[in-house]
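We did not get these values from a lab; they are worked out from the coordinates using the rules stated. Quick caveat: nothing in here was measured; it's all calculated off a predicted structure. A quick note on method: Cβ atoms are made from the backbone with ideal geometry, for glycine too, and the neighbour counts reach across all protein chains shown.
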Amino acid sequence: MESIILFDIDGTIVSENNPFVTYDDVKPVLQTLKEEGYKLGLYSQGFWLIQLLKVTSKGLRKYFSKDLLLISHDKFETLKKKRDSLGNTMFIVDNDTTQVEKIKNAKFSSNVVPIHLNRHSFQREAAISSLSELPNLLTSLNVVHKI
């Protein structure tokens, strides 16, 4: 089974200050992860069409599987409902520490791994500070979380 990576949109893929500006590391990392066989999806809170427009307008929609577009007004509740049907090892990349903690504290199996992306802090409490660090982190985590 292939591993799944779900990405938050605001602050992870697009700038929180301008939702139609993507970070420089996004496209190359998505391309690399797709080539390495990861199944990519979105895990975002907000209006479906607006959130999808943010990635579509930048040509990023092609990287994400149609069945992994978890966009709703309460993304954590949507994840709880969908989790069992997905069945794979799942990494969730989010810049929101509240969401990362919710996932850590949920009663999910060990195959759900939240990754905190902290683009703005100079403190290294975050797992990563750039998406370009994600492929190496996933490689090290997959040793533990392989199915």
Distance from a point 7 Å along Cα→Cβ of I50 to each backbone N in the range 73-89: keep the residues under 15 Å and list them by number. 73-75
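Quick check: residue separation of D96 and F20 times 0.36 nm, minus the Cα distance between them. What number comes out in nm? Write down the numbers at each step before the final one.
Values: separation 76, 0.36 × 76 = 27.36 nm, distance 1.90 nm.
Between D96 and F20, full extension yields an extra 25.5 nm.
So in the chain, what percent of DSSP beta bridges are antiparallel if you round to the nearest 5?
Numbers: 1 of 20 bridges.
So the antiparallel bridges in the chain amount to around 5 percent.
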Ranked list, fewest to most other Cβ atoms within 10 Å of each Cβ, for F64, F20: F20, F64
Give K27/K81; K81/K102; K39/K62 a once-over and call out the pairs whose C-alpha atoms are over 19 Å from each other. K27/K81
Per-peptide average of other Cβ atoms within 10 Å, ordering 97-103, 40-46 highest first: 40-46, 97-103
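If the viscosity is 0.692 mPa s and the temperature 37 °C, what Stokes-Einstein diffusion coefficient in µm²/s follows for the chain when Rh is the Kirkwood radius over Cα pairs?
Details: Rh = 15.2 Å.
Rounded, D is 215 µm²/s.
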The exposure ranking of I5, I50, I71, I115, fewest beta-carbon neighbours within 10 Å first, is I50, I71, I115, I5
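With +1 on the Cβ of every Lys and Arg and -1 on the Cβ of every Asp and Glu, and nothing else charged, how large is the dipole of the chain about its Cα centre, in debye rounded to the nearest 20?
It comes to approximately 380 debye.
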